[in-house]
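Below is one structure, written out as structure tokens; the observations come after it.
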Amino acid sequence: MKDNQLQRDIKMCTRWAFGLTFFLIILFPGIMFVTGYNYSLQFFTGWTYLAFTWLIVAGLYIAIRPWVEMYLEKKRSA
Amino acid sequence: MLTPSVGYLILLVFGVFFTSLTIIMQRRRGKAMTAEQFSTAGRSVGVGLASASIIAAWTWAATLMMSSSTGFQYGISGPYWYAAGACVQVLLFAIVAIHLKRKAPKAHTFLEFIGKRFDKKNHKLMMVFALMTNIIVTAMVILGGAIALNSLTGMNVYVAAFLIPLTFTIYTMIGGLKASFIADYLNTVMIFVILTVFATVVYMKFGVSTVYEGLQSLPESQQMLTMASIPGLFFGMINIIGNFGAVFVDQSYWQRAIASKDSAASKAYIYGGIAWFSIPFAIATFLGVSAAGLGLNVTDPDASAPLMAAHLLGAAGSILFLVMLFMAVMSTGAAELTAITNIIVTDIYRESINPNASSKQTLKVSRIVTLSFGLAMGILSILLFQVGIGLGFVYMAMGIFVSAAVIPLALGLLWKRTTNAGCFYGALLGMISGVTVWFTTAYMLYGNISVQSLGELHSMLAGNLTVFIVSGTIAIAHGLIAKEEFDFESLKDKFKSFDDDQTEVQTSANARREVV
């Protein structure tokens, strides 16, 4: 039972890990490199917004998730 | 400019804060600390805390300083390559982490697994690689922090190198891995908050278009605003290859898998990797690239981030930057320290010196090792600094020395046909040939062997590639030829908790008495 869950997790995380790696270091930079695209002001603005949003979302996730987990744990054991 | 007293004050405040926090948490928990708890945090850490802690361990002082330097030099491709090139290792680590969880749920270190999977010789070789990684990383992190403190506040660099490990050694010694997790969480959150402040100020004060126009008018504008930058790509390749060793051979990342719940082990690395991406990406875009765009007068690109911070917010900006940097140093330092302690206690003390040590004894030894290594690392960093080994050089060269273990290690865990000999000779010959090719390339291309020619991108890349190709080929080829099959199921009962040994020794003693 527990082993089945782990087996499924292995499949999922292998897919995600390889998928994200492929996207981050081959697909996206590859396209940008081959086309040699020069950032326009609009694209550059979008790029910085992306960096900013990513930062905020990641920060909120890291700050909140442990508390939620602690709360759920308490509720379950109570 | 800040004064040295600000530096001392920051060290004191954080040292005292985290130590008292650990003591209070211990009191509130109400249960006595055991050796198993000390080294695995009870194997009950959830996804959130584990991913925060992975981020903290992977956020070095270099992540904040060097990423901005690449942004300043290569433009927008620098931050991207820094972030992407160092986050894929953490993402891919999720795969080996969950395999360890399944195949050896009770292991304390990855070396313990290697010791049971292969023979003693292999165990020792991998231990050398692992300890080397931990010691180099710790020294690098402490030195990086000391140099930054010195350049920002004028604090004495030797005093700083000695005091920095002290701040995290004491709370780690008291609370073990769990204390390090709590500190990691607080540090990571603070780093995110401070980064958000910087990014917001850049928007409010200068706006995106000012930066954009500044970048366009630079003499090297050709590469500043495109991903198609050759130096950026080159840096990216070295970054990707070189960092594999720093993650896969470093016990502190395995430690986080070991401490997690079964269901959390793989997710924590995926989420942690994605979230970590935003740190160098944002800081290098907002401090490094913007510094270039605003035409800041930066003589040393490595110092572009603190200069930009001071440019944005004056003295307050410098203090914020310093706090952020120090938090990165502290949490990485604590992670490395628990890693070293675990290796020494599990793989040396419990393996060869005193296999039947009780939980209490083991705990005592763990604390002594933590304390003495914490103090020794300060001294070692000072020595390294005195010898004159540069930080950048060590950072780049580390991959060549430790990465040979990456493929054999991962194969040993993932592939049942990996052989003991293939793994051992792959790692050993991988390193030897890597160093040879590294030196030869430096000599052939630049006519001499010196720190400078060895540090060139081409020599580094050749050395790094050789290490991976040789170690991988030997490990895979021997596995294919030998046709051995290893039964992972046989491992499951071979790992024992530090705590229940005592009862076991007692029962075996009773059994003996009965026989007599």
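The values are calculated or read from the model by the stated rules, or taken from the named source; none is laboratory data. Given the structure is predicted, the values throughout are model-derived calculations rather than measurements. Cβ sites come from the backbone with ideal geometry, for glycine too, and all protein chains shown count toward neighbours. To get the accessible areas, we keep the full protein, side chains included, count just its heavy atoms, and leave off ligands, DNA and RNA. Shrake-Rupley method; radii C 1.70, N 1.55, O 1.52, S 1.80 Å.
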Exercise. How many residues are among the small types (Gly, Ala, Ser) and more than 7 Å from every other protein chain (Cβ to nearest Cβ) when one looks only at the stretch A:52-62?
Worked result: 0
Seminar exercise, completed: Among (1) at the interface with chain B (Cβ under 9 Å from one of its Cβ atoms); (2) over 30 Å from B:Arg102 (Cα atoms); (3) open to solvent by less than 90 Å² (accessible area, probe 1.4 Å), A:Leu27 falls short only on (1)
For this session: Go through (1) away from chain A (no Cβ under 14 Å); (2) under 30 Å from A:Leu60 (Cα atoms); (3) surrounded by fewer than 24 Cβ atoms within 10 Å (Cβ to Cβ) one by one and return the number of the condition B:Met66 breaks.
Result: (3)
Exercise. Here is a list of conditions, (1) among the hydrophobic types (A, V, I, L, M, F, W, C); (2) under 30 Å from B:Lys178 (Cβ atoms); (3) free of Cβ contacts under 8 Å to residues at least 24 places away in the same chain, and B:Ala310 meets all of them except one; can you say which number that is?
Worked result: (2)
Problem set entry | Which numbered condition B:Leu465 fails, given (1) aliphatic (A, V, I, L, M); (2) open to solvent by 50 Å² or more (accessible area, probe 1.4 Å); (3) over 22 Å from the mean Cα position of the chain (by Cα) | (3)
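Listed residues B:Ile283, B:Ile274, B:Ile230; which is of a type in the set (Val, Ile, Thr), at the interface with chain A (Cβ under 8 Å from one of its Cβ atoms) and closer than 30 Å to B:Tyr203 by Cα?
Details: B:Ile283 fails: at the interface with chain A (Cβ under 8 Å from one of its Cβ atoms); B:Ile230 fails: at the interface with chain A (Cβ under 8 Å from one of its Cβ atoms).
One residue alone meets the criteria, B:Ile274.
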Seminar exercise, completed: Per the list (1) surrounded by 22 or more Cβ atoms within 10 Å (Cβ to Cβ); (2) away from every other protein chain (no Cβ under 14 Å), residue check on B:Gly295 breaks on (1)
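Among the candidates B:Ala309, B:Ala265, B:Ala282, which residue alone is closer than 27 Å to B:His99 by Cα, of a type in the set (Gly, Ala, Ser) and buried (at least 24 other Cβ atoms within 10 Å of the Cβ)?
Working: B:Ala309 fails: closer than 27 Å to B:His99 by Cα; B:Ala282 fails: closer than 27 Å to B:His99 by Cα.
Criteria check complete, one pass: B:Ala265.
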Exercise. Pairs under 8 Å by beta carbon, first residue modelled with pLDDT of 95 or more in the stretch A:1-30, partner exposed (fewer than 14 other Cβ atoms within 10 Å of the Cβ) and part of a helix (DSSP H, G or I), six or more apart or different chains?
Worked result: none
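Matching residues to (1) open to solvent by 40 Å² or more (accessible area, probe 1.4 Å); (2) within 14 Å of chain A (Cβ to nearest Cβ):
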site	(1), (2)
B:Val6	no, no
B:Arg28	yes, yes
B:Ser44	yes, yes
B:Ser77	no, yes
Exercise. Name the residues in the stretch A:36-51 that are open to solvent by 30 Å² or more (accessible area, probe 1.4 Å), aromatic (Phe, Trp, Tyr) and at the interface with chain B (Cβ under 7 Å from one of its Cβ atoms), would you?
Worked result: A:Tyr37
For this session: Just one of (1) surrounded by fewer than 21 Cβ atoms within 10 Å (Cβ to Cβ); (2) touching a Gly at 6+ places or on another chain (Cβ under 7 Å) trips up B:Phe38, so point out which.
Result: (1)
Exercise. Are any of the residues in the stretch B:153-165 without any contact (Cβ under 8 Å) to a residue 60 or more places away in the chain and in a helix (DSSP H, G or I)?
Worked result: yes
Seminar exercise, completed: Exactly one of B:Thr507, B:Thr503, B:Thr473 is at pLDDT 90 or above, open to solvent by 30 Å² or more (accessible area, probe 1.4 Å) and over 26 Å from the mean Cα position of the chain (by Cα), and that one is B:Thr473
Problem set entry | Restricting the stretch B:392-419 to residues that are over 21 Å from B:Gly472 (Cα atoms) and more than 15 Å from the chain's Cα centre (by Cα), the residue that is modelled with the highest pLDDT | B:Phe393
For this session: Mind listing whichever residues of the stretch A:1-21 are within 9 Å of chain B (Cβ to nearest Cβ) and either outside any helix (DSSP H, G or I) or closer than 30 Å to B:Gln222 by Cβ (or both)?
Result: A:Thr21
Exercise. If we only count helices (runs of 4 or more DSSP H) wholly inside the stretch B:207-259, which ones have 1 or more residues that are more than 30 Å from B:Gly463 (Cβ to Cβ) and open to solvent by 10 Å² or more (accessible area, probe 1.4 Å)?
Worked result: B:208-216, B:221-224
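Let's see how each residue does on (1) surrounded by fewer than 20 Cβ atoms within 10 Å (Cβ to Cβ); (2) under 24 Å from B:Thr63 (Cβ atoms):
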residue: B:Leu363; (1), (2): no, no
residue: B:Ile368; (1), (2): yes, no
residue: B:Phe373; (1), (2): no, yes
residue: B:Ala397; (1), (2): no, yes
residue: B:Pro408; (1), (2): no, no
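Taking the conditions exactly as written (under 26 Å from A:Leu20 (Cα atoms) and out of contact with any Ser or Thr (no Cβ under 9 Å at 6 or more places or on another chain)), does B:Ser263 satisfy them or not? Explain how you work it out, then say what you get.
Values: under 26 Å from A:Leu20 (Cα atoms): yes; out of contact with any Ser or Thr (no Cβ under 9 Å at 6 or more places or on another chain): yes.
Here the answer is yes, as B:Ser263 does meet what is asked.
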